[in-house]
Amino acid sequence: AGAVALTTQMGEVVAILRDPEVYPNRKEEIITRMFGVVDPGHPYIAEINKGGDYLIGGEVELLDRIRYNDGLDQWRKTTGELMGEFKEKGADTVYAFQTRNPTHAGHAYLMRSAGENLKKEGYKNPVLWLSPLGGWTKEDDVPLDVRVKQH
């Protein structure tokens, strides 16, 4: 039992971690399972390697919606909000595509063909959830606000 307050860098409490559990941070195993390679130049791999020797987990209770005040908060939806939007659209299934890059013809093909395949499987109204990846990116990546406008 127990709980831990989760704070921002400025000390603002944003969530409560309930019944915390501590695990060893097996960085190399995590990296190879997630990425299949060990590339220290990859932004996510670099972040994993900067981490400490332990990880903490448990049930997280958000105290309020997290806001970044970067002009993109309107697009950051809760699970309930997303489910409501999918219901409004009459989705009988939802398929997702997530990328940190601007959408190009190859991405469009994958998204279109996935929707077509779902219809062949009998779904009447598959809805695409296009999710541009924020967070750590490479120095030469297109900025998140530009990618969101492009999507």
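The values are calculated or read from the model by the stated rules, or taken from the named source; none is laboratory data. As the structure is a prediction and not an experimental result, all values here were calculated from the model. Note that each Cβ is placed from the backbone with ideal geometry, even for glycine, and that neighbours are counted across all protein chains shown. Accessible surface areas use protein heavy atoms only, side chains included; no ligands, DNA or RNA. Shrake-Rupley method; radii C 1.70, N 1.55, O 1.52, S 1.80 Å.
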(request) Could you run the Karplus curve 6.51 cos²θ - 1.76 cosθ + 1.60 with θ = phi - 60° over the range 116-132 and give me ³J(HN,Hα) per residue in whole Hz, x for Gly and Pro? (result) 5, 5, 5, 5, 5, 7, x, 6, 8, 9, x, 10, 7, 10, 8, 10, x
(message) For a quick check, take a GNM of the chain with Cα springs below 10 Å and name the residue from PRO102, PRO43, PRO24 with the largest mean-square fluctuation.
(response) PRO24
(request) Describe numerically, in nm with one decimal, the distance between label points set 7 Å from Cα along Cα→Cβ at GLU28 and at VAL13. (result) 4.1
(message) Apply the a/c threshold of 1.5 to the C-alpha gyration tensor of the range 9-79 and tell me whether it is rounded, prolate or oblate.
(response) oblate
(message) Residues of the range 75-90 with the amide nitrogen closer than 19 Å to a label point 7 Å from the Cα of ARG65, along Cα-to-Cβ, please.
(response) 75-89
(message) Tell me which of VAL4, TYR95, GLY36 sits at the most positive position along the dipole axis of the chain, charges placed on C-beta atoms (Lys, Arg +1; Asp, Glu -1).
(response) TYR95
(request) Return one whole number: the accessible area per residue of the chain in Å², for a 1.4 Å probe. (result) 73
(message) If amide hydrogens are placed 1.01 Å from N in the peptide plane, which non-local residues have theirs closer than 5 Å to the one on LEU55?
(response) TYR23, ASN25
(request) Subtract the Cα-Cα distance of ALA105 and LYS149 from 0.36 nm times their separation in residues, and report this length gain in nm to one decimal. (result) 14.2 nm
(request) List the chymotrypsin sites (Phe, Trp or Tyr not before Pro) within the range 1-77 that fall in a DSSP loop (any state other than H, G, I, E or B) and whose Cβ has at most 12 other Cβ atoms within 10 Å. (result) TYR68
(request) For the range 1-67 and the range 77-151, write down the distance between their C-alpha centroids in whole Å. (result) 25
(message) So I have (1) 81, 31, 29; (2) 63, 39, 24; (3) 47, 36, 33, and one of them is Cα extents along the principal axes in Å calculated from this model. Which one is it?
(response) (3)
(request) Keeping the other protein chains in place, figure out the carbon and sulfur percent of the accessible area of the chain, with a 1.4 Å probe. (result) 53
